[in-house]
Amino acid sequence: MIDILRLLAETDLQKVDWFEQVDSTNNRALELATQSILQTPYLVGAEQQLSGRGRGTNRWWGSDGSLMFSVIVEMTSLGVSPIDWPRFSLVTGLAISTTLESFVPGVGVGLKWPNDVWLQGRKVCGILIEQCDRYPGRLIVGIGLNVNNSFADAPEELRAIATSMTDSAKGDQFSRTEVLITFLNEWKTLAGFVAEGSINLVERWSRACVLSGHPVKITNGNQDAIGVCAGIDSDGALLLRTAFSMEKHYAGTVRILE
Ligand code: BTN
């Protein structure tokens, strides 16, 4: 069970709705975000999602023991200016990475541009950020994080690409409330640094980027680009060194070619 009172007491969340089952916490949060008066940050979480959404047309399959939640944030009250919004998912990924490092130390945490966090070379977390049409200053930050849901008995093709905190910690179980509190506080700290411009994101991202130095293929719609990843630029673009130039990519799906 999630301890909602602790969430409210130990983070800056103003409201928490936690459901046994919803279609998608992002959908629920998008509906809430249309209300003119809303206390934020507002967290919507669920034990189960019937149609959890990933990027594009992807689905998100969460299982018992994972964390699935969406936070409605007012970017202006966080002090993050519109120019920084596109970078917010990488900042969120960094906060997740720092959280993972504190619970599962020394097991290779990294950012997989643009929206994933990897643990030991496999996906442990996906991030889906959406904007409220009616109030464009409100973002819905949806996060799926595999905590106590083991992939040990999952089909081989899934085990090869996905993992969880418990799988990286030899079966140890974690308090999801503690994980959530740690993430939310780290996220707030990082957002504050971004707002005051006191963080070198290029250095932090490039250190965390699991693609750096690898030959990769970026697919965006029906366009492919192949090169060696040279890290992440200050605006959040993936840098790709091709045979001819250094290219910047702002969207797409990346695969390591090895
Ligand atoms: C991705 O990897 O493509 C992003 C996955 C995001 C999944 C989370 S789970 C909570 C929130 N609600 C959703 O429907 N999706 C996000």
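Using heavy atoms of the protein chains and a probe of 1.4 Å, the accessible area assigned to LYS15 is about 80 Å². Measuring nothing but alpha carbons in the chain and taking Rh as the Kirkwood radius, the Rg to Rh ratio lands at 0.95. Each Lys and Arg contributes +1 and each Asp and Glu -1, all at the Cβ; summed about the Cα centre of the chain, the dipole is approximately 480 debye.
Only protein heavy atoms count here; on that basis, with a 1.4 Å probe, ASP64 has an accessible area of about 120 Å².
Counting Lys and Arg as +1 and Asp and Glu as -1 over every other residue whose Cβ lies under 13 Å from the Cβ of GLY213, the net charge comes to +1. Just name one of LEU184, THR166, VAL107: the one whose Cα is farthest towards the positive end of the charge dipole of the chain (beta-carbon charges, Lys/Arg +1, Asp/Glu -1). The listed residue farthest towards the positive side: VAL107. Checking the cross-link pairs LYS188/LYS217; LYS123/LYS217; LYS112/LYS248; LYS217/LYS248; LYS170/LYS217 against a 22 Å limit on the alpha carbon distance flags LYS188/LYS217; LYS170/LYS217 as lying beyond it.
Each Lys or Arg adds one and each Asp or Glu subtracts one; over the other residues with Cβ under 11 Å from the Cβ of GLN48, this totals -4. The smallest convex shape that holds all Cα atoms of region 110-161, its convex hull, gives 106 Å³ per residue. Reported to the nearest whole Å, the Cα centre-to-centre distance from region 189-224 to region 137-155 is 20.
Figure note: ARG241, ARG28 ranked by solvent-accessible area, largest first, 1.4 Å probe, ligands and nucleic acids not counted: ARG241, ARG28. Taken over the Cα atoms of region 23-172, the convex hull encloses 116 Å³ per residue. Near GLN131, the amide H atoms lying under 5 Å from its own belong to ILE140; only residues 5 or more places off or on other chains count, and H is placed 1.01 Å from N. Estimated from helical segments only, the mean residue ellipticity of the chain at 222 nm is -8000 deg cm²/dmol, where each DSSP H run of four or more residues counts as -39500 (n - 2.57). Ranking TRP85, TRP61 by solvent-accessible area of protein heavy atoms (1.4 Å probe, all protein chains present), from largest to smallest, gives TRP61, TRP85.
Ligands, DNA and RNA excluded, the heavy atoms of ARG53 present near 80 Å² of accessible surface to a 1.4 Å solvent probe. Distant-in-sequence amide contacts of ALA46, defined by a placed amide H-H separation under 5 Å and a gap of 5 or more residues or a different chain, comprise PHE19, MET68. If one computes P(r) from the Cα atoms of region 211-256, what percent of pairs lie at distances over 13 Å? Cα-Cα pairs in region 211-256 separated by more than 13 Å: 47 percent. The HN-Hα couplings worked out from phi for region 217-234 by the Karplus form 6.51 cos²θ - 1.76 cosθ + 1.60 (θ = phi - 60°) are 10, 9, 10, 10, x, 9, 10, 10, 9, 10, x, 10, 5, 10, x, 10, 7, 5 Hz, whole numbers, x standing for Gly and Pro.
Computed from phi, the 3J(HN,Hα) profile of region 136-152 under the Karplus parametrisation 6.51, -1.76, 1.60 (θ = phi - 60°) reads x, x, 9, 10, 10, 9, x, 9, x, 10, 7, 9, 9, 8, 7, 9, 4 Hz, with x in place of Gly and Pro. The mean accessible area for residues of region 1-154, using a 1.4 Å probe and ignoring ligands and nucleic acids, is 43 Å² per residue.
Length gained on full extension, LYS170 to GLU20: 51.2 nm, using 0.36 nm per residue less the C-alpha separation.
The values are calculated or read from the model by the stated rules, or taken from the named source; none is laboratory data. Source: prediction; values computed, not measured. Counting neighbours? That spans all protein chains shown, and the Cβs are built from the backbone with ideal geometry, glycine included. Keep in mind that these areas ignore ligands, DNA and RNA; they rest on the heavy atoms of the full protein, side chains included. Shrake-Rupley method; radii C 1.70, N 1.55, O 1.52, S 1.80 Å.
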